[in-house]
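J.: The structure under discussion is supplied below as structure tokens; questions concerning it will follow.
The values are calculated or read from the model by the stated rules, or taken from the named source; none is laboratory data. Small disclaimer: the values here were computed from a predicted structure and weren't measured. Counting neighbours? That spans all protein chains shown, and the Cβs are built from the backbone with ideal geometry, glycine included.
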2 protein chains.
Amino acid sequence: MARTKQYKEEDVIQKAMNLFWRNGFEATSVRMLEKEMGINQFSIYSSFGNKHGVFVESIKAYKSELNSIRNILKNSNNGLVGIKQFFYDFLEFTKENEEGKGCLVCNTVSELGNKAEPDLMVELMKFTEELRSLFINNLKQDKNRSQEIVEKQANYLTTSMLGLSLGSRIQNESELEDYIEMIFNPSLRV
Amino acid sequence: MARTKQYKEEDVIQKAMNLFWRNGFEATSVRMLEKEMGINQFSIYSSFGNKHGVFVESIKAYKSELNSIRNILKNSNNGLVGIKQFFYDFLEFTKENEEGKGCLVCNTVSELGNKAEPDLMVELMKFTEELRSLFINNLKQDKNRSQEIVEKQANYLTTSMLGLSLGSRIQNESELEDYIEMIFNPSLRV
DNA sequence: TGCTTATCTAAGCAAACGCTTAGTTTAATA
DNA sequence: TATTAAACTAAGCGTTTGCTTAGATAAGCA
């Protein structure tokens, strides 16, 4: 016996996520969210509590959007080749109008650092850990690595992803390709 | 026949820089700058025009502070060894209370991206270019590299520095050490 | 010592911020 | 069809933002 919602929360979060992705948390105002999400501030606050709530849901939406390329890595069983493919898939994933906008999680870590709210921090950390464990899985598929080397290499690849994320926002395609090739091609290495 | 300034501009910019470094541009308010710089808003605006002006001067101050470790790299003539040392020097440089605060220039690129004002963008780009050319210098010291490989490797090292900057803010010392060792130790590579 | 003028203090500006609330609309139930 | 309550609109809350300005202070020269 009451009015029904005119919007689906997952739809408007998708739009919010894209806005946060382009502008970051602080630089995205509730008025901007209102416009982009197509709903009134009242609806935003009744659905998500506050701006921070919208952001946390946006991060979750980001992660499930990333699942498309994450699953390719997850289902691969060709070791390094699969990881390298993930790096290229990621580049494509972050591209918008020929310009990279980086990884939303990495951007957020960079913007908020350690002053992110605990519940948000949990989401950010889970993201990094999941990525690292996917790298470990694939590294183990190439049998000739010791556990110690696998750990070191997984750390290396994780930090390299941070570089790729930031790099995707300021470097051109050929520089980024050089970067990825250099990571995975031993004969080119420094 | 007039009153003299109670402060040196280079002194107060040093303090402003540290505040921007810790908090980023947007999250640093003029009231916070007032407190940290120890001077009134009137003095801030009469010396630097606006908040953006304070920031541009802070970036310049950052770059000259970085000169201490940049010169070590510049004066080195041992190729890769010198570059590796620079990576470690940079980690030490960005450390504050056992926690990294990244590279101010990289943080700024991440925060503002392509919506930075042109004069600021110039400073940010110069920074990256100068770093890249220092890498090229040292890479050329090891004689067995072709020009093409030198370019590719310089690109690789530049993007790797972006990863180190962001990594320094969220990863622990041993993960960062793994990362650097992995970059420069071919036998550990993926 | 008194005048001049740049530098200081502190109050205040309009605009934007995150968020709330009073009042209207609308769809499902009785 | 009348009732009911959740979802809507839009105005506005207090605070903070970057920046300005009127008036007090003080240092250098006559």
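J.: Let me confirm something: among A:Glu151, A:Glu111, which residue is at pLDDT 95 or above, part of a helix (DSSP H, G or I) and facing another protein chain (nearest Cβ under 10 Å)? Break it down stepwise before answering.
T.: On the way: A:Glu151 fails: at pLDDT 95 or above.
Among A:Glu151, A:Glu111, only A:Glu111 is at pLDDT 95 or above, part of a helix (DSSP H, G or I) and facing another protein chain (nearest Cβ under 10 Å).
J.: Still on this structure: Quick one: which residue in B:Ile72, B:Ile83, B:Ile44, B:Ile39 is within 21 Å of the chain's Cα centre (by Cα), surrounded by 14 or more Cβ atoms within 10 Å (Cβ to Cβ) and either more than 12 Å from DNA strand D (Cβ to nearest atom) or over 24 Å from B:Ser168 (Cβ atoms) (or both)? Quick ask: steps written out before the conclusion?
T.: Values: B:Ile72 fails: surrounded by 14 or more Cβ atoms within 10 Å (Cβ to Cβ); B:Ile44 fails: within 21 Å of the chain's Cα centre (by Cα); B:Ile39 fails: within 21 Å of the chain's Cα centre (by Cα).
Going through B:Ile72, B:Ile83, B:Ile44, B:Ile39 in turn, just one is within 21 Å of the chain's Cα centre (by Cα), surrounded by 14 or more Cβ atoms within 10 Å (Cβ to Cβ) and either more than 12 Å from DNA strand D (Cβ to nearest atom) or over 24 Å from B:Ser168 (Cβ atoms) (or both): B:Ile83.
J.: Counting only residues that are in contact (Cβ under 8 Å) with a residue 60 or more places away in the chain and within 11 Å of B:Ser58 (Cβ to Cβ), which one in the range B:1-45 is farthest from the other protein chains (Cβ to nearest Cβ)? So that I can check it myself, show each step before the final result.
T.: Step one: filter the range B:1-45 for residues in contact (Cβ under 8 Å) with a residue 60 or more places away in the chain, giving B:17, B:20-22, B:24-26.
Cutting the leftovers down to within 11 Å of B:Ser58 (Cβ to Cβ) gives us B:17, B:20-21, B:25.
Working: B:Met17: 17, B:Phe20: 13, B:Trp21: 11, B:Phe25: 10 Å.
Applying the filter and picking the extreme gives B:Met17.
J.: Additional query: If you check A:Glu98 against the conditions, is it modelled with pLDDT under 95, more than 16 Å from DNA strand D (Cβ to nearest atom) and of a type outside the set (Phe, Trp, Tyr)? Write out each step before concluding.
T.: On the way: modelled with pLDDT under 95: yes; more than 16 Å from DNA strand D (Cβ to nearest atom): yes; of a type outside the set (Phe, Trp, Tyr): yes.
Yes.
J.: Only one residue in A:Asn107, A:Asn40, A:Asn23 is among the polar types (S, T, N, Q), within 30 Å of A:Ile183 (Cα to Cα) and within 16 Å of DNA strand C (Cβ to nearest atom), so which one is that? So that I can check it myself, show each step before the final result.
T.: Details: A:Asn107 fails: within 16 Å of DNA strand C (Cβ to nearest atom); A:Asn40 fails: within 30 Å of A:Ile183 (Cα to Cα).
Within the list A:Asn107, A:Asn40, A:Asn23, the selection yields A:Asn23.
J.: While we're on this one: Please count how many residues of the range B:46-55 are in contact with a Leu (Cβ under 8 Å, 6 or more places away or on another chain) and either within 14 Å of another protein chain (Cβ to nearest Cβ) or within 15 Å of DNA strand C (Cβ to nearest atom) (or both).
T.: Result for the range B:46-55: 2.
J.: If you scan the range B:10-36, which residues turn out to be crowded, with 18+ Cβ neighbours inside 10 Å, assigned to a loop (DSSP other than H, G, I, E, B) and not small (Gly, Ala, Ser)?
T.: Result: B:Phe25, B:Thr28.
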